[in-house]
1. Got a sec to turn the phi values of segment B:275-281 into Karplus ³J(HN,Hα) couplings, 6.51 cos²θ - 1.76 cosθ + 1.60 with θ = phi - 60°, whole Hz, x for Gly and Pro?
2. Can you pull a Stokes-Einstein diffusion coefficient for chain A at 25 °C (0.890 mPa s), Rh from Kirkwood over Cα pairs, as a whole number of µm²/s?
3. Under 30 Å Cα-Cα from residue B:154, which lysines qualify once same-chain neighbours fewer than 8 residues away are excluded?
4. Give the residue list of chymotrypsin sites (Phe, Trp or Tyr not before Pro) in segment B:249-322 that are DSSP loop and have at most 10 other beta-carbon atoms within 10 angstrom.
5. Report, by chain and number, residues whose modeled amide H sits under 5 Å from the one on residue B:70, excluding near sequence neighbours (fewer than 5 apart, same chain).
6. Can you pull out the trypsin sites (Lys or Arg not before Pro) in segment B:50-147 that DSSP calls coil and that have at most 10 other Cβ atoms within 10 Å?
7. Which one, A:139, A:163, A:130, has the greatest fluctuation when you compute a Gaussian network model over chain A with C-alpha springs under 10 angstrom?
8. Loop-only chymotrypsin sites (Phe, Trp or Tyr not before Pro) in segment B:156-187, please: DSSP not H, G, I, E or B, and at most 13 other Cβ atoms within 10 Å.
Amino acid sequence: MTAVTTPAPRPPAARRGRTPVPADPDRGIVSVADRRRRGVRWPLRASHVLLLVSLVVVGLGPILWLAKAAVTPTQDTLRTPLALFPHGVDWANLSEAWTRFEIDHYFGNTMWLALGSWAVQLVVAVSGGYVLSVLRPAYGKVLTALVLSTLFVPAVVLLVPLYLTVLDVPFAHVSLINSFWAVWLPAGASAFNVLLVKRFFDNLPREIFEAARVDGAGPFRVGWSIVVPMSKPILGVVSVFAFISAWKDFLWPLLVLRDVDKQPLSVRLPALESYVELDVFLAALAISTAIPIVIFLIFQRTFLQGAGLGGAVKG
Amino acid sequence: MALTTVRTPEAVLRAETPQRGPGRAPRRRTPLTWVRGGGLSTLVLALPLLVVFGLFSWFPIVRAVVMSFQSTNLVTPAEWVGLENFQYVLADPLLPQAATNTLYFALLALVFGYPVPLVAAVLMSEVKRMRGLYAALAYLPVVVPPVVAVLLWKTFYDASDTGVFNTIAGWFGLGPFPWLQDQAWAMPSLVLEATWAAAGGTVIIYLAALTGVPPELYDAAEVDGAGVWRKVWHVTLPQLRGVLFVTFILQIIGTAQVFTEPYLFTGGGPANSTTTILLMIYHYAFGGRGDYGAATALSLMLAVVLAVLSAVYFKLTSRWSS
């Protein structure tokens with residue numbers, strides 16, 4: 001059982017770098033030496049295969065089923081939901097959902113909402129993070145504390161008062177109901193984004209800002225030409241999460257976008273359920289899932305990095 | 001590292017201001033020196049944050065507290081009513097049921113959802129080739145919009161014997177199950193979908209935490225003759241306990257505010273068996289009654305319960321976590 005009995009492969013497991021063996025620099029629970037042993041290798045490999053199969057079935061399965069059902073006639077989906085196209089493929093579902101039930105229009109709304117929320121979140125997080133981390137005015141500490149404190153307020157507290165605020169914005173005295181701004185602006189008030197960006201800026205080398213300042217660059221110039229280009233990784237993380245969370249948003253747009261014409265997919269889909277035929281409805285569901293999944297597949301690394309980061313910030 | 005970043009900007013500021021106005025006493029601050037020192041541009045840059053947080057975060061939070069003591073109907077000016085809203089909510093016969101349901105949801109979510117991501121992440125961390133594929137598969141349900149996930153699972157939960165899940169159950173000679181149609185089955189069905197939708201995020205958090213476990217500890221455990229299970233039990237889990245504690249309470253805070261699942265799956269039914277606190281809040285405020293006072297009072301009570309719970313929790317766990 002002990003690794004001591006196999007003296008030869010021990011060194012690679014011991015420390016990183018030194019040996020040419022391309023062993024893991026970060027060894028896991030099972031040591032490199034143990035990995036080579038038959039009694040360990042097979043159960044380990046079996047567990048990996050089992051894990052992969054269950055991940056495919058559980059994680060991918062429902063999405064694949066949706067993709068299949070989107071192009072399957074209603075009767076087939078109802079009678080034999082797990083059969084693969086017993087009566088052929090019905091591509092018309094997709095086009096019918098897209099045009100006749102105006103999924104294209106709601107799709108556009110969702111896109112607009114997501115893009116606007118993304119832009120607002122980015123502007124607030126970058127400018128706010130820059131002020132709090134780099135410029136540090138006298139009131140900076142109070143501001144940071146105020147931003148931080150909102151993290152501890154559960155979202156449910158905001159629901160009703162935020163709705164009333166959007167109904168009649170203080171000072172401006174306009175109603176944002178049925179305007180995309182009602183979704184865009186509150187999305188910007190994400191303490192999580194601001195603190196994530198601030199923490200990233202905190203770790204940038206200060207000498208560079210000083211050098212630029214000595215060269216005569218003002219705060220805007222330093223921010224735009226130096227801090228922002230250096231912050232691409234974190235801006236990527238904030239961007240993908242801003243976009244996806246806006247795409248996923250349901251309750252808030254449901255409350256503030258009463259006008260059907262302005263509603264995003266997430267709000268329209270439950271309404272469609274009642275009067276659209278099942279196959280077309282499933283096609284509509286598939287269409288609304290496609291973009292987030294494509295974005296995830298493209299920016300996978302950023303996503304997984306960011307999701308891990310989320311744990312680090314919360315932790 | 002942290003020390004230097006804290007010290008430099010102030011030092012720089014102090015060094016810079018006298019240089020700008022050589023003739024002036026460094027202490028005197030006028031609006032002009034403030035503008036020249038970058039104070040105005042700083043304020044301009046802080047404006048987006050100030051406006052957005054001010055209007056859409058700080059103001060509503062304060063307003064929540066104020067409103068819970070007021071009667072607001074948006075027509076006549078708000079009226080102070082003291083604790084009336086709270087009394088009204090506490091006397092609502094639906095409240096005990098909703099509180100129990102919410103608790104039940106949170107508890108089931110812990111039973112279904114807490115161990116699974118941990119086991120998956122620990123197994124995944126031992127995968128050397130294509131770990132990215134595993135992580136991506138686990139995370140995939142998280143990017144599916146919740147509305148789509150719920151509506152899709154609603155189809156799966158079709159109670160007829162040709163429903164998706166009932167067909168699968170039929171392969172094993174089980175079912176057909178009533179899923180959402182039955183009082184006893186509805187809540188677990190909701191939780192199952194919610195777990196599917198959320199587990200991936202937790203897996204990724206654990207995976208990130210697992211890479212932070214120092215490999216020397218495993219080496220040391222092996223020298224002491226520990227096998228795989230004992231390494232997991234004595235090294236991996238204790239090293240993860242900080243993250244485990246946090247995800248535990250975060251999951252409770254999240255599930256206590258569940259809305260989309262009960263709203264879209266069952267609308268609270270059958271027979272209020274899935275009515276949660278958030279559904280009650282929604283009905284108070286937006287269900288035609290427009291009782292914003294009662295809604296905020298209930299939101300605040302939920303928030304206070306959660307705050308007390310987390311405070312007690314952190315007090316208890318601080319002894320064990322690092």
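1. 6, 9, 4, 5, 5, 4, 4
2. Numbers: Rh = 24.0 Å.
The diffusion coefficient I find is 102 µm²/s.
3. The qualifying lysines are A:68, A:248, A:262.
4. B:320
5. Excluding prolines and chain starts, which carry no amide H, the hits are B:81.
6. Details: sites: B:63, B:128, B:129, B:131; in loops: B:128, B:129.
Hits after loop and neighbour filter: B:129.
7. A:139
8. B:172
Values quoted throughout were computed directly from the atomic coordinates according to the rules given, and no laboratory measurement underlies them. On a predicted model such as this, the values are computed, not experimentally measured, just so you know. Virtual Cβ from ideal backbone geometry, glycine too; neighbours counted across all protein chains shown.
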